[in-house]
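What follows is a single structure, written as structure tokens, with notes after it.
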Amino acid sequence: MQTPPPGPSIHWNRRNFLKTTTLATGAVAFGVPMLLRGQNLNSKLNFAAIGTGGKGASDTNSCAGENIVALCDVDASRYAEPAKKYPNAKLFRDFRKMFDELGKGIDAVTVSTPDHFHAIAASAAMRLGKHVYCQKPLTQTIFEARYLLDLARTSGVVTQMGNQGSAGDGLRRAVECIQSGIIGQVKEVHIWTNRPIWPQGMDRPAGSDPVPETLDWDIWLGPAPMRPYKAGVYNPFKWRGWQDFGTGALGDMACHTVNMPFRALCMGYPTEVEAEALGGINKESYPTGSKIRFQFPARKNNALAFDPMTLWWYDGKHPGADKAVKGKGSNKPPQELTADIVEMLGDVPGSGCLLIGDKGKIFSPDDYGAQFFIKRSDEKKYLHFTKHPAVVAVPVTLPRAPKGGHSQEWISAIKAGKPQDCYSRFAIGAQLTEIMLLGCVALRVGKKIEWDGPNMRATNCPEAARFIKRENRAGWTLA
């Protein structure tokens with residue numbers, strides 16, 4: 001894996017940067033919990049929020065038991081409400097100015113921006129020794145995911161990706177059950193979602209509109225190429241469908257829906273990825289629907305051994321589907337695989353995860369793996385995991401998240417100086433993100449990718465390189 005280059009690429013006070021980086025490196029080398037102000041387990045941390053609207057609001061509120069010292073958003077209208085709730089927080093539109101001004105007064109940062117900005121903000125915070133909670137998908141490109149993974153190792157900061165289902169007892173119990181062999185060797189995984197629920201399949205609109213006074217459009221674009229502002233086209237929320245800013249339905253939901261089987265099956269790197277863009281794909285936005293195949297080789301993880309496996313992903317609708325009719329044309333697994341689900345529920349839910357093993361099946365009807373049903377080969381119907389007799393014999397091997405869930409797990413790990421306590425730390429979240437982003441790359445190149453994971457290279461498809469590592473706009477390189 002590539003090691004991040006020394007020193008930040010965004011310019012701030014070099015003396016503060018070197019001092020903080022030296023402290024962080026020393027903390028890793030000597031095993032000392034890296035707490036910037038030397039606080040004990042009962043004291044409060046100083047948090048800064050980068051991105052305060054939408055998901056940023058809930059991410060900030062999840063840290064409300066600590067000190068919220070800064071709110072940063074490129075659109076000043078987005079932090080108006082949070083500013084009332086946290087009146088002692090300083091307000092910023094540029095996270096670089098926030099770090100310059102507050103310096104060591106910040107212990108930890110939440111990053112809740114559009115996808116294309118995640119790695120820029122997160123790497124800057126990590127280089128300054130700040131603990132980071134970053135929304136999913138962790139990054140917009142595979143190179144960025146690998147970069148943050150390596151940076152987390154070298155900086156020693158406590159990290160967590162925001163796929164909050166990771167904290168659920170149900171998901172962790174599913175991992176334990178699958179790894180116990182309750183359905184044998186898993187041969188296929190089928191995952192589907194009701195996304196996108198935003199526009200996709202469109203070309204860039206012509207013309208431009210006046211930029212609102214509250215919005216800094218240049219900072220919002222960040223590393224993406226410059227383009228004119230268009231009202232109601234990119235922000236808020238609609239950025240997800242655009243290739244320059246989002247990662248489509250796959251990037252939005254796979255870090256949730258693939259999370260449970262990814263962990264349970266120790267997926268590692270796929271060797272092949274092949275994508276079908278339903279209705280075709282242009283150079284501006286993701287398609288209205290997609291079907292993607294990920295092929296995984298045989299693999300081992302400590303005492304666990306796994307056979308080769310295929311993961312299928314389904315999103316969106318088939319071309320020409322009547323959007324006015326609920327569920328019509330929805331892109332889901334073949335009916336022969338879901339007949340027993342229909343028998344149990346009356347229909348196939350909008351989102352789900354189905355694992356098919358040589359001794360049975362596991363089905364989860366939600367985005368997070370919080371609930372799951374088991375049907376072994378000699379059984380006629382699915383049973384909820386809490387009622388299945390085989391589950392009783394499966395030992396509890398994974399720690400459970402503290403009260404307060406995913407965010408509290410991160411906060412507790414910071415105070416304890418134990419990055420490993422975060423179940424979705426970047427060492428895990430980055431690997432999951434890499435796999436999913438390969439699907440985005442396959443959609444954009446329009447051909448099967450033969451993947452060399454350790455070297456981040458499509459061996460049969462050199463044209464994929466520009467989607468694996470983005471050429472950032474001047475002034476917006478990774479820190």
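The values are calculated or read from the model by the stated rules, or taken from the named source; none is laboratory data. Values in this document were obtained by computation on a predicted structure and should not be read as measured data. A quick note on method: Cβ atoms are made from the backbone with ideal geometry, for glycine too, and the neighbour counts reach across all protein chains shown. Note: areas computed on protein heavy atoms with side chains; ligands, DNA, RNA excluded. Shrake-Rupley method; radii C 1.70, N 1.55, O 1.52, S 1.80 Å.
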Legend entry - For the range 164-234: accessible area per residue (Å², 1.4 Å): 38 Å²
Inset, instruction - Measure off, as a whole percent, the carbon and sulfur share of the 1.4 Å-probe accessible area of the chain, all protein chains present. - result: 53 percent
Legend entry - Label point distance in nm, Asp452-Asp347, each placed 7 Å from Cα along Cα→Cβ: 4.8 nm
Inset, instruction - Using 0.36 nm per residue of separation minus the Cα-Cα distance, give me the extension gain between Lys381 and Lys403 in nm, one decimal. - result: 4.5 nm
Inset, instruction - Compare the peptides 427-438, 87-98, 135-146 by average per-residue count of other Cβ atoms within 10 angstrom and give them in order, highest first. - result: 135-146, 427-438, 87-98
Legend entry - In nm, spacing of pseudo-spin labels at Glu471 and Ala305 (7 Å Cα→C-beta vector): 4.8 nm
Inset, instruction - Give, as a single signed number, the net charge of other residues whose beta carbon lies under 13 Å from the beta carbon of Cys134, with Lys and Arg counted +1 and Asp and Glu -1. - result: +1
Inset, instruction - Could you give the size of the charge dipole of the chain about its Cα centre, using +1 on the Cβ of each K and R and -1 on the Cβ of each D and E, expressed in debye and rounded to the nearest 20? - result: 760 debye
Legend entry - Percent of beta bridges antiparallel (DSSP, the chain, rounded to nearest 5): 65 percent
Inset, instruction - Filter the cross-link list Lys283/Lys418; Lys84/Lys283; Lys84/Lys238 down to pairs whose alpha-carbon distance in this structure exceeds 32 Å. - result: Lys283/Lys418; Lys84/Lys283
Legend entry - Candidate aspartates and glutamates for bridging to Lys44, where Cα separation is under 14 Å - those fewer than 8 sequence places away on the same chain excluded: Glu66, Asp107
Legend entry - the range 386-394 - phi-based ³J(HN,Hα) in whole Hz, Karplus 6.51/-1.76/1.60, Gly and Pro as x: 6, 10, 7, x, 5, 5, 4, 7, 7
Legend entry - Listed peptides 388-400, 213-225 by packing density, highest first (mean Cβ within 10 Å): 213-225, 388-400
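Given the rule -39500 (n - 2.57) for each run of at least 4 DSSP H residues, summed and divided by the residues of the chain, what is its mean residue ellipticity at 222 nm, to the nearest 500 deg cm²/dmol? If you can, show how the numbers build up before the last one.
Numbers: 14 runs with 141 residues, N = 479.
Rounded to the nearest 500, the figure is -8500 deg cm²/dmol.
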Legend entry - Peptides ranked, highest mean first, by Cβ atoms within 10 Å: ranges 447-460, 159-172: 159-172, 447-460
Legend entry - Integer Hz, Karplus 6.51/-1.76/1.60 couplings in order for the range 72-84, x for Gly and Pro: 10, 8, 5, 10, 4, 5, 6, 9, 5, 5, x, 5, 5
Legend entry - Nearest-20 debye value, the range 333-479 charge dipole, Cβ charges on Lys, Arg, Asp, Glu: 480 debye
Inset, instruction - Would you work out the charge dipole size for the range 277-318 about its Cα centre, treating the Cβ of every Lys and Arg as +1 and the Cβ of every Asp and Glu as -1, and quote it to the nearest 20 debye? - result: 60 debye
Legend entry - Lys/Arg +1, Asp/Glu -1 at C-beta; the chain dipole; positive extreme among Phe363, Thr288, Thr338: Phe363
Inset, instruction - Would you mind classifying the range 306-440 by shape? Square roots of the alpha carbon gyration tensor eigenvalues, ordered a ≥ b ≥ c; an a/c under 1.5 is rounded, otherwise it is prolate if a/b is larger than b/c and oblate if not. - result: oblate
Legend entry - the range 88-192 - Kirkwood radius from inverse mean 1/r over Cα pairs (Å): 16.0 Å
